[in-house]
Amino acid sequence: MKLLNFAQAVHRGNRQITGAMLLAVVGLIISVSAAAAWQFSILFTHNSPYNESNNYPYGSTAYYGQLDADTGTSKYLAEGSWIEWNQAAINWILSNRGGSWSSNEFQVAIVFHAFLPNSQTCANVGIDWWASNLPGAWAYQRSNCELREFAGDPTQLSTSGNYYAQIQYADQSGGANGEINIDNYWVDTQWQTVSHRDWMGKFCYGNGRVWQPTNGNCP
Amino acid sequence: MKHFQVCHCIVYVLGVLLFIVVLFIPGLQSVSAGDHPQLIKSGDFVGWHYTAVRQPDGQLMATVDYNQLSTAGLEHYAIANKDLTRQLPKTGLLAVSVTFRYPMAIDAFQNWVSSNGMIVQAYTLRATTVAGEKWTIGGKPYGGRLVPMDSLNRQLASIRAYGEAKLDGVVGVDGTINTANVVSLQAEREVFLVDLTTAFVRQELRPLLGKDSDQVQVVRPPVYWFMEKYGLRNTSF
């Protein structure tokens with residue numbers, strides 16, 4: 001009987017260890033795949049690295065704000081500037097864009113978000129206008145604070161091209177503070193899911209003014 | 001037994017730590033990444049396809065797609081759209097997306113909208129730099145003005161920061177029109193395509209979503225760009 005109990009205890013112990021090891025292995029696999037995905041995004045590293053510099057026009061992002069005299073509405077214009085893809089990135093885009101049905105399902109997009117300060121909660125804004133010289137540019141609103149601007153014809157992407165994507169937000173909060181983030185994503189245009197994030201920059205806004213974050217934070 | 005328990009604890013803690021590390025890997029955190037949309041319905045037709053999904057935040061979206069890699073792909077899409085006319089209601093308002101053959105000047109666009117009784121939601125414009133670089137501008141009516149010039153001029157000023165550019169005009173418009181006007185719209189010489197897929201997809205989704213089908217945001221790749229690329233602006237279907 002004791003022998004049987006001991007055997008059950010060992011078996012139970014082994015099961016616990018097997019379970020814990022399984023958890024560890026799963027964690028390891030997820031870590032490795034996440035790291036692999038992150039490394040993949042290196043292909044989207046640009047010839048001119050993004051940063052938060054406002055050294056317009058040499059900086060990689062540009063932005064301004066103003067109080068519209070007619071309506072009293074604050075308007076904020078954000079731009080991803082001097083965007084370049086190297087040949088390896090273009091080759092990767094062209095060889096990975098096909099999906100299960102479409103020949104052009106996966107596309108690269110410049111994505112804008114207007115958030116409440118230091119959060120991922122949509123700010124109270126409307127999206128007014130957008131513009132881009134990306135080849136085959138098109139755009140849609142993913143939410144009231146998010147716009148995606150696509151390079152719809154990646155066959156026309158060129159390493160010698162400097163690309164831009166702009167958005168104009170209209171504040172609907174009466175001048176509250178917020179932040180606008182600019183990122184580059186690889187988007188599945190059928191499912192609207194995103195991956196391979198390449199962060200480009202963010203800036204703070206409020207009451208018709210814009211300014212750079214302090215230690216990455218917006219007040 | 002103690003040996004087993006110690007091993008168990010160490011391995012368990014390691015596993016938990018690995019999960020925590022994964023959760024905080026920078027760059028994996030984003031608003032939409034990692035969330036999984038639900039498929040509502042998809043459909044394959046001759047020349048085109050759609051996928052309708054419900055996003056984790058509840059937003060209803062459908063993407064219309066066609067073969068953008070060849071002239072024939074766009075031609076099939078245009079023909080398919082003409083065929084949709086017969087499959088949609090004969091009365092009431094219809095969501096349409098119109099692609100022009102050439103950029104239409106702002107004044108002409110305003111007249112065109114007025115004469116067709118279109119309720120405009122958004123439109124796309126083209127600007128070209130002196131070096132021949134093409135810019136696409138997206139705009140919408142505001143404050144009762146079809147084309148608020150202050151917003152347009154602000155975009156143009158931003159574009160001109162990189163070199164002289166001229167506004168060519170409006171190349172496409174999304175909105176609703178009276179169903180009775182669709183056929184005459186298709187016959188207009190300025191019009192390359194009257195895209196009816198938005199109305200058709202919403203109709204397809206109505207049995208599943210009821211009135212919510214009218215809220216589905218239907219998006220599609222830019223027809224004007226590919227029409228121009230494949231030299232189809234003078235082709236009629």
| task | For B:Leu156, indicate whether it is hydrophobic (A, V, I, L, M, F, W, C), assigned by TED's automatic domain parsing to the domain that holds B:Ala62, within 21 Å of A:Leu77 (Cα to Cα) and assigned to a strand (DSSP E or B). | result | no
| request: Mind counting the residues in the stretch A:172-208 that are farther than 17 Å from A:Asn118 by Cα and among the charged types (D, E, K, R)? | output: 3
| said: So for the stretch B:165-177 (the condition being at negative phi, surrounded by 15 or more Cβ atoms within 10 Å (Cβ to Cβ) and in a helix (DSSP H, G or I)), does at least one residue qualify? | reply: no
| field | Those residues of the stretch A:129-141 which are more than 14 Å from A:Gly80 (Cα to Cα) and more than 7 Å from chain B (Cβ to nearest Cβ), in sequence order | value | A:Pro135, A:Gln141
| query | Within the stretch B:221-230, can you find the residues that are out of contact with any helix residue (DSSP H, G or I) (no Cβ under 7 Å at 6 or more places or on another chain) and in contact (Cβ under 8 Å) with a residue 40 or more places away in the chain? | reply | B:Pro221, B:Pro222, B:Val223, B:Tyr224, B:Trp225
| task | Select from the stretch A:101-129 the residues that are assigned to a strand (DSSP E or B) and in contact with a Leu (Cβ under 6 Å, 6 or more places away or on another chain) and write down the one among them that is farthest from B:Asn153 (Cα to Cα). | result | A:Phe112
| field | Residue list for the stretch A:69-100, restricted to those being part of a loop (DSSP other than H, G, I, E, B), surrounded by 15 or more Cβ atoms within 10 Å (Cβ to Cβ) and within 12 Å of chain B (Cβ to nearest Cβ) | value | A:Thr73, A:Arg97, A:Gly99
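Here is a check on your reading of the model: is B:Asp195 away from chain A (no Cβ under 14 Å), acidic (Asp, Glu) and out of contact with any Leu (no Cβ under 8 Å at 6 or more places or on another chain)?
Criteria not met by B:Asp195.
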| Residues in the stretch A:207-214: is at least one at the interface with chain B (Cβ under 9 Å from one of its Cβ atoms) and not in a loop (DSSP other than H, G, I, E, B)? | no
| Test: residue in the stretch A:110-119 that is under 16 Å from A:Asn184 (Cα atoms) and among the polar types (S, T, N, Q) | no
| field | So B:Ser184, is it more than 14 Å from chain A (Cβ to nearest Cβ) and more than 23 Å from B:Gln217 (Cβ to Cβ) | value | yes
| From B:Leu185, B:Leu152, B:Leu125, residue being of a type in the set (A, V, I, L, M, F, W, C) and in contact (Cβ under 8 Å) with a residue 60 or more places away in the chain | B:Leu185
| request: Give the residues of the stretch B:116-147 that are of a type in the set (A, V, I, L, M) and within 9 Å of another protein chain (Cβ to nearest Cβ), sorted by residue number. | output: B:Leu125, B:Ala127, B:Ile137
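Quick grid of which residues meet (1) in a loop (DSSP other than H, G, I, E, B); (2) out of contact with any helix residue (DSSP H, G or I) (no Cβ under 7 Å at 6 or more places or on another chain); (3) modelled with pLDDT of 95 or more:
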site	(1), (2), (3)
B:Ile79	no, yes, yes
B:Thr85	no, no, no
B:Pro89	yes, no, no
B:Asn111	no, yes, yes
B:Ala122	no, yes, yes
B:Leu125	no, yes, yes
B:Trp135	no, no, yes
| field | One residue from A:Thr155, A:Thr159 being part of a loop (DSSP other than H, G, I, E, B) and not small (Gly, Ala, Ser) | value | A:Thr159
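The values are calculated or read from the model by the stated rules, or taken from the named source; none is laboratory data. Since the model is a prediction, treat every value here as computed from it, not as a measurement. Using ideal geometry, Cβ is built from the backbone for each residue, glycine included, and neighbour counts are taken over all protein chains shown.
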